[in-house]
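The values are calculated or read from the model by the stated rules, or taken from the named source; none is laboratory data. What you see is a predicted model; the values in this text were computed from it and never measured. Neighbour counts run over all protein chains shown; Cβ positions are idealised from the backbone, glycine included.
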């Protein structure tokens, strides 16, 4: 399967690559404040520039950090499915770990309803058929068992960037902000990023829902 990577033992190389990319002076990644549009452009470019080897190692380190998240009392976890060709965080690795280690936890993935601009949520199984939507995102078949938002205990969120206050920059369509506002108040909101944060996102809006944590290859940020 395309998401089954070989572990690379040299964890120091992961950390070195991570720091070198983050502190590349010509891109000014740790300037004090960015707009969402600037974040999208800069971090998309940064992600596109990852080598295959870096992408594999960063995802392995991301998985190691994800394994540290406490799951006591968690019965239902929501994850996005990645477009690996665009070097999004490879959540298939996390799904494989969760299903092997916590078989009682229900894994849920989204479908995009382009008519309503909302996400629907469906149980994900090992041999489930997946189809690509118009954006190239893998999704379960429409007939797959649905799950209501209030049943979800923890969400691993996609993003392009985040800041040190826990604000998240997504892809700009608002699907996840609407989804998060429909969830129960104590749902855990955990971002997944191959890179660390900017200092501050300049144009945070009242409807933006902040993260509780964000996992990167080097550490988990807690807000």
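Observations on the structure shown:
- Scanning the stretch 205-217 for residues that are part of a loop (DSSP other than H, G, I, E, B) and either touching a helix residue (DSSP H, G or I) at 6+ places or on another chain (Cβ under 7 Å) or at pLDDT 95 or above (or both) yields 207, 208, 209, 210, 211, 212, 216, 217.
- Candidate set: the stretch 32-60, residues that are out of contact with any helix residue (DSSP H, G or I) (no Cβ under 9 Å at 6 or more places or on another chain) and part of a loop (DSSP other than H, G, I, E, B); chosen: the one surrounded by the fewest Cβ atoms within 10 Å (Cβ to Cβ): 32
- Yes/no for residue 63 being in a loop (DSSP other than H, G, I, E, B), in contact with a helix residue (DSSP H, G or I) (Cβ under 7 Å, 6 or more places away or on another chain), at pLDDT 95 or above and closer than 21 Å to residue 191 by Cβ: no
- Selection status of residue 180, crowded, with 19+ Cβ neighbours inside 10 Å, modelled with pLDDT of 95 or more and part of a loop (DSSP other than H, G, I, E, B): no
- Every residue from the stretch 158-176 that is farther than 30 Å from residue 102 by Cβ, assigned to a loop (DSSP other than H, G, I, E, B) and in contact with a strand residue (DSSP E or B) (Cβ under 8 Å, 6 or more places away or on another chain): 164, 165
- Single residue of the stretch 183-204 satisfying the filter (touching a helix residue (DSSP H, G or I) at 6+ places or on another chain (Cβ under 7 Å) and either in a helix (DSSP H, G or I) or free of Cβ contacts under 8 Å to residues at least 40 places away in the same chain (or both)) that is nearest to residue 42 (Cα to Cα): 189
- Apart from one condition, residue 4 fits all of (1) in a helix (DSSP H, G or I); (2) modelled with pLDDT under 95; the exception is (1).
- Consider the stretch 125-168 and keep the residues that are touching a helix residue (DSSP H, G or I) at 6+ places or on another chain (Cβ under 8 Å) and at pLDDT below 95. The one that is nearest to residue 76 (Cα to Cα) is 126.
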